[in-house]
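Below is one structure, written out as structure tokens, with a few remarks after it.
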Amino acid sequence: MRGTIMIIDRLRDLIHRYDDKNAYLRRFLREPKGHEMFLPAMLGLRFVMLLGVTLRFGLNRANYADSLQLFSLVRISLVVVFLYILVLAALQVLAWPRFIARMSKFIQVLIDIALFSLLYFLTKDPESDLFILYFIPLLIAAEYFGLVANLCVLAYTSLSFAVSLWAGQSHLKLNVSGHFCALSTPSRRILPRYSLSQAARNRFACMPTFSVFSFFRRLIAICRTTAILSAP
């Protein structure tokens with residue numbers, strides 16, 4: 001009888017030790033906290049990105065000589081991105097709790113993906129290097145969100161990037177009156193012949209690879225920390 005009780009107590013002890021060792025891992029998969037200064041760093045990175053994108057569009061202005069309405073949309077988009085960064089900077093200074101709130105992070109990720117998809121489309125180049133802009137929302141998601149949220153963000157990012165590629169290759173244009181025109185190529189011709197270059201495929205495959213790496217790099221760090229803490 002005493003031996004049975006000792007075995008049961010031993011099993012309980014093992015279960016509690018296992019729970020303690022994996023508590024960090026479970027919390028990480030559900031909702032990692034992330035470093036509080038990571039979000040301001042991403043804000044600074046957005047500003048640097050805006051300067052680079054503005055310079056890029058300025059140097060390639062000659063490519064929009066036949067589509068002035070599209071270049072006007074470029075200007076409007078850059079102004080919108082600038083105002084968006086200003087709003088985030090104001091939140092950081094005046095309302096820090098709101099700036100680092102979970103909902104704020106989620107909204108920032110969604111807006112980033114939408115704006116970066118628009119900028120990517122406006123480059124008129126399916127092989128543009130502006131696809132690296134998508135790394136900003138993916139990094140924020142990997143730093144602050146759990147596994148399920150990261151998968152949702154990755155799906156939204158991939159869908160937005162695919163729409164940008166499709167719209168770019170379909171030669172989406174605005175007519176002179178400013179109204180939205182039909183695609184320059186009939187849809188029945190687009191879909192059967194739609195294909196991506198190898199460079200565009202590489203960019204498309206790069207995003208899930210980067211997202212998985214960014215998320216699980218922190219998972220590996222948590223596992224190492226857990227192993228150190230549980231070492232005798």
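Odds and ends about this structure:
- Between the residues F161, L122, A41, the greatest Cα displacement towards the positive end of the dipole of the range 30-165, with unit charges on the Cβ of Lys, Arg, Asp and Glu, is found for A41.
- Measuring r between the beta carbons of F47 and V163 and using R0 = 30 Å, the FRET efficiency lands at 0.70.
- Backbone geometry of the range 67-79 corresponds, through the Karplus equation with coefficients 6.51, -1.76 and 1.60 at θ = phi - 60°, to 3J(HN,Hα) couplings of 8, 5, 5, 5, 5, 5, 5, 4, 4, 4, 5, 5, 5 Hz, x marking Gly and Pro.
Computed from the coordinates by the stated procedures, all read-outs in this text should not be read as laboratory data. Not measured: the values here are computed from a predicted model. Positions of Cβ are generated from backbone atoms using ideal geometry, with glycine treated the same way; all protein chains shown enter the neighbour counts.
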